[in-house]
Amino acid sequence: MRSDFSPSTASARDFYRLLTALVVPRPIAWVSSVSPDGVDNLAPHSFFTVASTNPPIVQFTSVGEKDSLRNITATGEFVVNLAPARLLEEINATGTNFPPDVSEFDAAGLTREPSATVRAPRVKESPAVLECRLHSVLLIGDSTLVFGEVTHAAVSSAVLDGSHPRIDMLEPLARLGLDEWGTLGDIQDLDRIRLKDWPGHFRPGS
């Protein structure tokens, strides 16, 4: 038995809450940007993914017009800072709707770090960052998809195994439904089955 929900009868807010409880876990783009007046902004966006690998492009969604979107469209650049579990309180604090003349770096007690290729600062406390130049934006409904071409990546040596980031050291946060946040939990290694190795049947665990 299932319960049915329809966007034609539910309120937009209720259906949003349903979607964000079902499309989980969602990685967080902790986006830093700077306004044309020089005010740094930092905000978490939980609709985030890789849009292209060559060229390397990441994408996050701004629901409504927020400071991040205004800054990025004005300056053409931003940084995605990895959101680690140890900074949960600070990340949550940067989601507060401060006025545009207040920097979330200062409000949350975070440290600015100069970027290598863009003006927007990095979060020094974040273990990994992706510096981006704006590729394009796409308006869909009440939201704007922001595409950024990655111009530089910087990863703390403490979380690297050779040149590969260790997921257990990165400890990325994820957003869930309502005010829920998640961490990694158990991690499993499972090789993808190549066609030449397909056994002719599928029996999990066999």
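Looking only at the range 99-106, decide whether some residue is open to solvent by 50 Å² or more (accessible area, probe 1.4 Å), farther than 14 Å from Gly148 by Cβ, aromatic (Phe, Trp, Tyr) and more than 13 Å from the chain's Cα centre (by Cα). No, the conditions are met nowhere in the range 99-106.
The set of residues in the range 97-124 that are without any contact (Cβ under 8 Å) to a residue 40 or more places away in the chain, closer than 21 Å to Pro165 by Cβ and of a type outside the set (Ser, Thr, Tyr) comprises Glu113, Ala116, Lys124. The one condition from (1) free of Cβ contacts under 8 Å to residues at least 60 places away in the same chain; (2) within 20 Å of Asp142 (Cβ to Cβ); (3) surrounded by fewer than 22 Cβ atoms within 10 Å (Cβ to Cβ) that Ala93 does not meet is (2). Specify the residue that is farthest from Val80 (Cα to Cα); the eligible residues are those in the range 152-206 that are without any contact (Cβ under 8 Å) to a residue 60 or more places away in the chain, assigned to a strand (DSSP E or B) and open to solvent by less than 100 Å² (accessible area, probe 1.4 Å). Checking each candidate, the answer is Leu160. Scanning the range 13-36 for residues that are part of a helix (DSSP H, G or I) and of a type in the set (D, E, K, R), we see that the one that is farthest from Val146 (Cα to Cα) is Asp14.
Residues in the range 109-127 that are crowded, with 20+ Cβ neighbours inside 10 Å and under 17 Å from the mean Cα position of the chain (by Cα): 6 in all.
Would you mind stating whether Ile57 is touching a His at 6+ places or on another chain (Cβ under 6 Å) and not polar (S, T, N, Q)?
In short, yes.
Within the range 30-41, no residue satisfies the criterion of being among the acidic types (Asp, Glu) and either open to solvent by less than 10 Å² (accessible area, probe 1.4 Å) or within 11 Å of the chain's Cα centre (by Cα) (or both). If you check Pro44, Pro25 for being open to solvent by 50 Å² or more (accessible area, probe 1.4 Å) and either modelled with pLDDT of 95 or more or within 22 Å of Asn92 (Cβ to Cβ) (or both), only one passes: Pro25.
Scan the range 182-206 for residues that are in contact with a Pro (Cβ under 9 Å, 6 or more places away or on another chain) and not aliphatic (A, V, I, L, M) and jot them down. Residues satisfying the conditions are Gly182, Thr183, Ser206. Please indicate, with yes or no, whether at least one residue in the range 55-65 is open to solvent by less than 50 Å² (accessible area, probe 1.4 Å), on the phi > 0 side of the Ramachandran plot and either in a strand (DSSP E or B) or touching a residue at least 60 places away in the same chain (Cβ under 8 Å) (or both). Taking every residue of the range 55-65 in turn, at least one turns out to be open to solvent by less than 50 Å² (accessible area, probe 1.4 Å), on the phi > 0 side of the Ramachandran plot and either in a strand (DSSP E or B) or touching a residue at least 60 places away in the same chain (Cβ under 8 Å) (or both). Checking each residue of the range 141-148 against the condition of being among the polar types (S, T, N, Q), surrounded by 15 or more Cβ atoms within 10 Å (Cβ to Cβ), closer than 28 Å to Arg70 by Cβ and touching a Lys or Arg at 6+ places or on another chain (Cβ under 6 Å) gives no match.
The values are calculated or read from the model by the stated rules, or taken from the named source; none is laboratory data. Keep in mind that what you see is a predicted model, and the values were worked out from it rather than measured. A quick note on method: Cβ atoms are made from the backbone with ideal geometry, for glycine too, and the neighbour counts reach across all protein chains shown. Ligands, DNA and RNA are stripped out before the accessible areas are found, and what is left, the full protein with its side chains, is counted by its heavy atoms. Shrake-Rupley method; radii C 1.70, N 1.55, O 1.52, S 1.80 Å.
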